[in-house]
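Before any comments, here is the structure.
The values are calculated or read from the model by the stated rules, or taken from the named source; none is laboratory data. The structure displayed is predicted, hence computed values, not measured ones. Glycine also receives a Cβ, built like all others from the backbone with ideal geometry; neighbour counts cover every protein chain displayed.
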Amino acid sequence: MLDCATGTGDLAIAFRRAVGETGRVVGTDFSPEMLELARTKAPDIAFGPADVTSLPYADAMFDIASIAFGIRNVAEPRRAIAEMARVVRPGGRVVVLEFGQPRSRLFGSLYDLYRKRIVPILGGAVTGQRAAYEYLESSAARFPSGPDFVALMRESASFADILCEPLSLGIAWLYVGVTAANTGR
């Protein structure tokens, strides 16, 4: 299992619990500071620096490659998905969890108000870094979600199937691409 943009390793740690003693989890991130925190939390997981658009792993090395709430921050998301698919064995999974836009107009309007006005105020009050929460809102609003992101995945690599599931009424989306026999483009 490969967790890309692992940050402080929370998802990699959850994956480690899920795969048990016989499974192997690798966490990568481009930020050395984040990786240091991850290593202190979970010394039994292999954490290392890597750019998701140029992964330092052999083809078909993993059963699953994931990225959670990080793909929208990648300069070349198609290249990142292609790389994740490359390192996953045929029939394996590329899993992406990312913010999205709700499909319901009413809920979407309410959520936009919350996301644009309330989140930056609350986040700024708690952390003192309001700009980070304003960036979160703008980056999530611009990034494709739902069928648009599925199309992006299909353009990026050869998938036998792609599951697309809205979570929390579309605030977040889960995408699971099953790699085909030939994942390269």
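The table below gives the values:
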quantity: Subset of the stretch 67-94 [among the β-branched types (Val, Ile, Thr) and more than 14 Å from ASP51 (Cβ to Cβ)]; calculated: VAL88, VAL94
quantity: Residue in the stretch 15-24 that is within 18 Å of the chain's Cα centre (by Cα), under 17 Å from ALA85 (Cα atoms) and either charged (D, E, K, R) or modelled with pLDDT of 95 or more (or both) present; calculated: no
quantity: Helices (runs of 4 or more DSSP H) wholly inside the stretch 1-91 that include at least 3 residues being of a type outside the set (Phe, Trp, Tyr), free of Cβ contacts under 8 Å to residues at least 40 places away in the same chain and crowded, with 16+ Cβ neighbours inside 10 Å; calculated: 10-19, 32-41
